[in-house]
1. Considering only region 46-69, I want to know if a residue exists there that is in a loop (DSSP other than H, G, I, E, B), open to solvent by 30 Å² or more (accessible area, probe 1.4 Å) and at pLDDT below 90.
2. Scan ALA198, ALA103, ALA143 and give me the residue that is over 14 Å from HIS29 (Cα atoms) and modelled with pLDDT under 95.
3. Can you tell me how many residues in region 109-124 are open to solvent by 30 Å² or more (accessible area, probe 1.4 Å), in a loop (DSSP other than H, G, I, E, B) and not charged (D, E, K, R)?
4. Being open to solvent by 40 Å² or more (accessible area, probe 1.4 Å), over 18 Å from ALA71 (Cβ atoms) and more than 15 Å from the chain's Cα centre (by Cα) is the filter here, so list the residues in region 168-198 that pass it.
5. When you look at ALA103, is it of a type in the set (A, V, I, L, M) and surrounded by fewer than 19 Cβ atoms within 10 Å (Cβ to Cβ), yes or no?
6. Just wondering, is there one or more residues in region 91-99 that are within 20 Å of ARG174 (Cβ to Cβ) and touching a helix residue (DSSP H, G or I) at 6+ places or on another chain (Cβ under 8 Å)?
7. How many residues, within region 125-142, are part of a loop (DSSP other than H, G, I, E, B) and either surrounded by fewer than 22 Cβ atoms within 10 Å (Cβ to Cβ) or out of contact with any helix residue (DSSP H, G or I) (no Cβ under 6 Å at 6 or more places or on another chain) (or both)?
8. Considering every residue within region 146-154, establish whether at least one is of a type outside the set (A, V, I, L, M), touching a Leu at 6+ places or on another chain (Cβ under 7 Å), under 26 Å from GLY125 (Cβ atoms) and assigned to a loop (DSSP other than H, G, I, E, B).
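The values are calculated or read from the model by the stated rules, or taken from the named source; none is laboratory data. If you're wondering where the values come from, they're calculated on a predicted model, not measured in any experiment. No Cβ is skipped: glycine too gets one built from the backbone with ideal geometry, and neighbour counts run over all protein chains shown. Note: accessible area is taken over every heavy atom of the protein model, side chains too, but ligands, DNA and RNA are not part of it. Shrake-Rupley method; radii C 1.70, N 1.55, O 1.52, S 1.80 Å.
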Amino acid sequence: RAFWSGVRGAATRPEWRSLTASYGALVYHRLAGEGKPGQERIDLSPRRFSAQLRLLRVLGFRPLDAREVLAFHEGDGPVPRRGFVVTVDDGTTDCEEPLARHAGVAPQLFVCTREVGGSAHWLDGEPVLGWTSLEELARRGVAVGAHARTHRPLVAVDRSELDGELAGSLTDLRTRLPEAIPLLAYPYGSHDEPVRAAAI
């Protein structure tokens, strides 16, 4: 407590705002509301998704787009108070309509680029959006980022394959979405120092 009191006393107003700035991240996976056994914790109905976003607006929260979040993390300025970001991992087909309907909150959708148009082997074989759908979502304002290429825990990936999983996923994205911002969500949240270094 004494440390932060000293920092507060020494910092200018902009420095203090930068040090104490933060935002909330809402992390979603499926937006179907099917209640399949084993998916209860990762599947939300589109109605509840809409209700959550509506409540945030009522409470005065402001959505942040991908560029604002990146600028904040690169030290190029604080984020506004009550900022939030919506992220959706995996890119299953059930998220297409809810994300298109709520593109105004600048959601970020993370896809495994070698699984696009196929099925999510890590998620009971749920169908995954194809490139045409991803291109349309991007046109509407959804930031499409990488979830690596194949949805494996990256700390378990052989170092010789790590660049392919990470840099390769950005290359895949930019082949179809040339304006794609370099966004990455680690599959399973799995990362360590070598993975982070490879991601950078």
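1. Looking only at region 46-69, we keep the residues that are in a loop (DSSP other than H, G, I, E, B), and these are 59-61, 64-65.
From what's left, open to solvent by 30 Å² or more (accessible area, probe 1.4 Å): 59-61, 65.
Then drop every residue that is not at pLDDT below 90, which leaves none.
For region 46-69, residues in a loop (DSSP other than H, G, I, E, B), open to solvent by 30 Å² or more (accessible area, probe 1.4 Å) and at pLDDT below 90: absent.
2. ALA198
3. Within region 109-124, residues that are open to solvent by 30 Å² or more (accessible area, probe 1.4 Å), in a loop (DSSP other than H, G, I, E, B) and not charged (D, E, K, R) number 4.
4. To start, the set of residues in region 168-198 that are open to solvent by 40 Å² or more (accessible area, probe 1.4 Å) comprises 170-171, 174-176, 178-179, 182, 184, 186, 188-189, 191-194, 196-197.
From the residues that got through so far, the ones that are over 18 Å from ALA71 (Cβ atoms) too are 170-171, 174-176, 178, 186, 188-189, 191-194, 196-197.
Those that are open to solvent by 40 Å² or more (accessible area, probe 1.4 Å), over 18 Å from ALA71 (Cβ atoms) and more than 15 Å from the chain's Cα centre (by Cα): THR171, ARG174, THR175, ARG176, PRO178, HIS191, ASP192, GLU193, PRO194, ARG196, ALA197.
5. Values: of a type in the set (A, V, I, L, M): yes; surrounded by fewer than 19 Cβ atoms within 10 Å (Cβ to Cβ): yes.
Here the answer is yes, as ALA103 does meet what is asked.
6. As a first pass, look at region 91-99 and keep what is within 20 Å of ARG174 (Cβ to Cβ): 91.
Subset that is touching a helix residue (DSSP H, G or I) at 6+ places or on another chain (Cβ under 8 Å): 91.
For region 91-99, residues within 20 Å of ARG174 (Cβ to Cβ) and touching a helix residue (DSSP H, G or I) at 6+ places or on another chain (Cβ under 8 Å): present.
7. Looking only at region 125-142, we keep the residues that are part of a loop (DSSP other than H, G, I, E, B), and these are 125, 129-130, 141-142.
Keeping just the survivors that are either surrounded by fewer than 22 Cβ atoms within 10 Å (Cβ to Cβ) or out of contact with any helix residue (DSSP H, G or I) (no Cβ under 6 Å at 6 or more places or on another chain) (or both) gives 125, 130, 141.
Selection size over region 125-142: 3.
8. Step one: of region 146-154, the residues of a type outside the set (A, V, I, L, M) are 147, 149-153.
Still in the list and also touching a Leu at 6+ places or on another chain (Cβ under 7 Å): none.
No; the residues of region 146-154 include none that is of a type outside the set (A, V, I, L, M), touching a Leu at 6+ places or on another chain (Cβ under 7 Å), under 26 Å from GLY125 (Cβ atoms) and assigned to a loop (DSSP other than H, G, I, E, B).
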